[in-house]
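Written below as structure tokens is the structure these notes are about.
The values are calculated or read from the model by the stated rules, or taken from the named source; none is laboratory data. In this text, all values refer to a predicted model and were calculated from it rather than measured experimentally. Every residue, glycine among them, receives a Cβ derived from its backbone with ideal geometry; neighbour counts consider all protein chains shown.
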Amino acid sequence: MQHLAIERLAELADGEPTAVEREHLAECAMCSAERVAYQRVVAMASDERRHIAPPISTWGLLSEELREQGLITTREQATARTMFIAKVTTIAWRAAAAIAILATGLVTGRMTAGMPLRTALALGDGNATAGQVAVNADEFATTAAAMQTLQRAQQDYERAALYLSTHDTVTTEVSTEAYRTTLAALDEMAETSLKALSQAPADPIINQVYFTTLGARNMTLGKLATALPTGSRLSRF
Amino acid sequence: MATDFLTIQRAIEGDERALRALWSQHAPHIDAVVRRLAGDPDLAEDIAQEVWIQIFRALPSYRGESQFGTWAHRIAVNRTLNALRRTRRLVKIETDMEEETVAVEHTGDRAMLRSVIDAAAAQLSPGARTVFLMHDVEGYTHEEIATELGITPGGSKSQLFKARAKLRRLLAHLVDVQGTDKGNENAAPGY
């Protein structure tokens, strides 16, 4: 067999020879030595990875740039943000619990009004699949498109809430206490998001949270008004 | 090197001490990667700064699926390659290897060994050098290199073997096995 080609020997530095090549390497001192030389090149390169040296970046310049880009915040800002997140999370859990209670009451009310279970569970126009939304985080081309959809959804939500508060008469059996619990949670959310807005007035997410909370609050107020006994007026909740 | 999850959390929240702690812990490795890939020290300095900004911007996307150092290393390689493309150093992956011989300083001093290797690697074409550094130094696979550089895995292999062959010649005084016929450069007869 002829000697192994240079590039093949380079490949064999960390590759496996064929049976024929192995046989040749066992017999040919020159090719065998060449392979060892290539293995040494690869070992030297591999050693290089473990090499560390003093950084070439400097914290002074880096921190300046990070501050300009808003990636470093003051301790007060960081604390305020952490507290806001913690508070919104707590309130959101409370609101979710209140909504769950409300939904259970709604279904129970509809059933006691004579509706079959399937109808009582149905939402909107009764077409359950129409209300389902496919969740796909990559479906929006830009953040502007996502924000537009979010705003449209919010408007749809408010219109539907308004309609339901004046037309859905089968929910009067739901306890007014449940509505009051929801309202209290929503008020707390509105207050917290309003405080956050005073710190970050242009933040689109906090704006959305605030307006959606207000929409939900109006809907709940409407429901509470229709749930009161005839002749009663809503003076507090 | 494990990085405390709480430090990362605090860094995401913009805590300067946490950001600095991450930088202090990982800069020696990350900056070394940038230095190797960039070659030029001045350029490496600019890119390292850019790399760290990118790492900190991307922090919220770190899911802890790999070690923080590994995750940051990937960003460093990717960002450095982008920066090199921008400076037109990687406009084209060269396939031909120049055959010039380079006098590499012969020294037994371990401290100088690194600079000898650096000097030899600097003699490679930009494409071959990048493939060699990514594969043999940074541990990327040919498939990963192909994706990063927009070439085929076969192209990556070809570049690597040519790079190794050239380095083997340039570093002959360091890698030759005693008794090998040094008069014939590095090649066995009939090559």
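Residues in region A:203-223: is at least one among the aromatic types (Phe, Trp, Tyr) and at pLDDT 65 or above?
Yes, because at least one residue in region A:203-223 is among the aromatic types (Phe, Trp, Tyr) and at pLDDT 65 or above.
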- request: Those residues that are closer than 23 Å to B:His135 by Cα and in contact with a Leu (Cβ under 9 Å, 6 or more places away or on another chain), I need them from region A:1-31; list them, please.
  value: A:Leu4, A:Ala10, A:Glu11, A:Leu12, A:Pro17
query: Under the condition of being among the hydroxyl-bearing types (Ser, Thr, Tyr) and at pLDDT 90 or above, which residue from region B:148-191 is surrounded by the fewest Cβ atoms within 10 Å (Cβ to Cβ)?
result: B:Thr152
- prompt: Pick from region A:40-53 the residues that are at pLDDT below 85 and facing chain B (nearest Cβ under 7 Å): which of them is surrounded by the most Cβ atoms within 10 Å (Cβ to Cβ)?
  reply: A:Glu48
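Considering only region B:71-87, I want to know if a residue exists there that is facing another protein chain (nearest Cβ under 9 Å) and in contact (Cβ under 8 Å) with a residue 12 or more places away in the chain. Let's see the steps before the verdict.
Restricting attention to region B:71-87, the residues satisfying the condition of being facing another protein chain (nearest Cβ under 9 Å) are none.
No, region B:71-87 contains no residue that is facing another protein chain (nearest Cβ under 9 Å) and in contact (Cβ under 8 Å) with a residue 12 or more places away in the chain.
So, in region A:1-31, of the ones that are in a helix (DSSP H, G or I), acidic (Asp, Glu) and surrounded by fewer than 18 Cβ atoms within 10 Å (Cβ to Cβ), which residue ends up nearest to the other protein chains (Cβ to nearest Cβ)?
Initially, region A:1-31 is screened for residues in a helix (DSSP H, G or I), giving A:6-11, A:19-27, A:29-31.
Going one step further and asking which of them are acidic (Asp, Glu), we end up with A:7, A:11, A:21, A:23, A:27.
Restricting the remaining residues to those that are surrounded by fewer than 18 Cβ atoms within 10 Å (Cβ to Cβ) gives A:7, A:23, A:27.
Details: A:Glu7: 4, A:Glu23: 16, A:Glu27: 13 Å.
Selected residue: A:Glu7.
Would you check which residues across region B:11-52 are among the β-branched types (Val, Ile, Thr) and under 16 Å from the mean Cα position of the chain (by Cα) and list them? If you could, list the steps in order and put the result at the bottom.
Restricting attention to region B:11-52, the residues satisfying the condition of being among the β-branched types (Val, Ile, Thr) are B:12, B:30, B:33-34, B:47, B:51.
Across region B:11-52, the qualifying residues are B:Ile30, B:Val33, B:Val34, B:Ile47, B:Val51.
Is region B:119-134 home to any residue that is within 11 Å of chain A (Cβ to nearest Cβ) and assigned to a loop (DSSP other than H, G, I, E, B)? Working first, answer last.
First, pick out the residues of region B:119-134 that are within 11 Å of chain A (Cβ to nearest Cβ): B:120-121, B:132-134.
Going one step further and asking which of them are assigned to a loop (DSSP other than H, G, I, E, B), we end up with none.
There is no residue in region B:119-134 that is within 11 Å of chain A (Cβ to nearest Cβ) and assigned to a loop (DSSP other than H, G, I, E, B).
May I ask you to verify whether B:Arg57 is charged (D, E, K, R), buried (at least 21 other Cβ atoms within 10 Å of the Cβ) and modelled with pLDDT of 90 or more?
Numbers: charged (D, E, K, R): yes; buried (at least 21 other Cβ atoms within 10 Å of the Cβ): no; modelled with pLDDT of 90 or more: yes.
So B:Arg57 fails the test.
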message: Residues to consider are A:Leu62, A:Leu9; find the one that is modelled with pLDDT of 90 or more and under 30 Å from B:Ala18 (Cα atoms).
response: A:Leu62
